[in-house]
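Before any comments, here is the structure.
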Amino acid sequence: MGLKFLSEEWVNAVKEALESNEAFKNAAGSQSATIQQVVNTPEGDVKYYVKLDGGNLELALGEVEGADATITQDYDTAVALSKNELTGTAAYMSGKLKVAGDLMKLMAMQGAFNQLPAATASLEVDY
């Protein structure tokens, strides 16, 4: 049995996987960004955030103040992104991701975001 997608255990495992992944750390570098994620699930919205600050990573459930951008998606899109069946760019271009805030900051973080699937590939997740 794996980690329940979007649970506290999942968030902690993803954070640990990213912190121990050299490719992610190199891509993130010394950039700073705070990204709020909102996933519309059948049980209601699940919110979590990613905060990068000069090589330090914070990932947690809930809302964060002062987000540079907020990304909203439905559950199926979030699953497809997590499974690497869909890229963030393709999801955005097809209207499956809604972005509010600083799109340029998100684009600058693309290198780090592109490392997410490889960094979390070993996690067993239940969707």
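The values are calculated or read from the model by the stated rules, or taken from the named source; none is laboratory data. None of these values were measured; they are calculated from a predicted model. Heads up, the Cβs are rebuilt from the backbone with ideal geometry, glycines too, and the neighbour counts pull from every protein chain shown.
Under the condition of being among the aromatic types (Phe, Trp, Tyr) and either at pLDDT below 95 or under 18 Å from ALA121 (Cα atoms) (or both), the residues counted in segment 62-99 number 1. Can you run down the residue pairs with Cβ atoms below 6 Å, 6 or more apart or on separate chains, where the first is in segment 96-125 and closer than 13 Å to ILE35 by Cβ and the partner is assigned to a loop (DSSP other than H, G, I, E, B)? Hits for this filter: GLY101/ASP68; ASP102/ASP68; LYS105/ASP68.
Go through segment 52-65 and report how many residues are over 23 Å from ASN40 (Cβ atoms) and outside any strand (DSSP E or B). The total comes to 2. Could you list, in sequence order, the residues of segment 37-61 that are modelled with pLDDT of 95 or more and of a type in the set (Gly, Ala, Ser)? Of everything in segment 37-61, those that are modelled with pLDDT of 95 or more and of a type in the set (Gly, Ala, Ser) turn out to be GLY44, ALA60. Hey, any hits in segment 1-23 for a residue that's part of a strand (DSSP E or B), of a type outside the set (A, V, I, L, M, F, W, C) and at pLDDT 95 or above? Checking segment 1-23: at least one residue is part of a strand (DSSP E or B), of a type outside the set (A, V, I, L, M, F, W, C) and at pLDDT 95 or above.
Quick grid of which residues meet (1) loosely packed, with under 13 Cβ neighbours inside 10 Å; (2) touching a Ser or Thr at 6+ places or on another chain (Cβ under 9 Å); (3) under 18 Å from TYR127 (Cα atoms):
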{"position": "GLU22", "(1), (2), (3)": "yes, no, no"}
{"position": "GLN31", "(1), (2), (3)": "no, no, no"}
{"position": "ILE35", "(1), (2), (3)": "no, yes, no"}
{"position": "VAL39", "(1), (2), (3)": "no, yes, yes"}
{"position": "GLY54", "(1), (2), (3)": "yes, yes, no"}
{"position": "MET104", "(1), (2), (3)": "yes, no, no"}
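Of the candidates ALA13, ALA17, ALA28, the single residue that is farther than 26 Å from TYR75 by Cβ, in contact (Cβ under 8 Å) with a residue 12 or more places away in the chain and under 16 Å from the mean Cα position of the chain (by Cα) is ALA28.
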